[in-house]
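Bear in mind these aren't lab numbers, they're just calculated from the coordinates by the rules spelled out. Given the structure is predicted, the values throughout are model-derived calculations rather than measurements. FYI the Cβ positions are ideal-geometry reconstructions off the backbone, even for glycines, and counts take in every protein chain you see.
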């Protein structure tokens with residue numbers, strides 16, 4: 001009886017040093033993932049990104065172009081949306097946020113976010129997949145990759161679940177999500193080269209309600225070149241001289 005108790009304690013009180021994914025430990029799986037998307041060094045040096053995509057969404061008339069500027073180091077996200085009818089900017093800036101919308105490219109109506117909107121965007125920021133790649137590549141102590149099954153990793157940031165990432169047999173990301181809901185899963189399409197990195201060119205959710213085609217993706221290794229403070233009007237916004 002005493003021997004059985006000791007064995008129980010050894011198994012359950014002292015977890016294995018490395019979790020397994022289909023026979024491979026998590027560190028090996030993460031290393032293989034980073035190799036597929038451009039290499040550990042490239043992602044470790046990154047401080048943020050700029051992305052341009054074509055948006056296909058049920059509530060937007062085409063063409064709809066979206067741009068994002070995301071800071072990997074602090075919770076700052078800017079989103080720019082341009083359609084034939086609507087021009088809009090919105091941004092999370094640490095613990096504040098704002099939206100600027102206009103029916104043309106001139107002056108628009110500025111709205112400051114309430115606490116709920118700020119909290120929502122702040123909860124989304126830690127698990128942005130390419131930010132997770134940066135954290136994993138730089139061995140950031142805030143991130144932990146845990147094995148699940150079938151080349152799928154659960155990612156925790158500061159001890160809180162942030163996102164899961166599923167990979168194919170070669171460790172290339174093919175889907176991600178923040179819940180078990182199938183309709184909230186982002187399935188990733190064919191891969192393209194964007195400068196020094198390899199990333200998906202398309203992403204979509206089931207049901208034909210939402211899909212994007214990525215036009216460009218740029219990693220920044222220096223400070224982000226945009227200000228996350230609201231501009232006076234939409235036409236004045238130029239990311240190249242907004243810093």
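In table form, for the structure just shown:
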| read-out | value |
| --- | --- |
| Rounded if a/c under 1.5, otherwise prolate or oblate - segment 44-121, Cα gyration tensor axes | oblate |
| Distance histogram for segment 19-236 (every C-alpha pair counted, 10 angstrom bins, percent rounded to whole numbers) | 8, 31, 38, 18, 4, 0 |
| Relative packing of 194-202, 220-228, 131-139, which averages over residues the other C-beta atoms within 10 Å, highest first | 131-139, 194-202, 220-228 |
| Where labels lie 7 Å past Cα in the beta-carbon direction, separation of residue 119 and residue 223 in nm | 3.2 |
| FRET efficiency, 1/(1 + (r/R0)^6) with R0 51 Å, evaluated for residue 45 and residue 84 via beta carbons | 0.85 |
| Label-to-label distance, nm, for residues given as residue 154 and residue 52 (7 Å Cα→Cβ offset) | 4.0 |
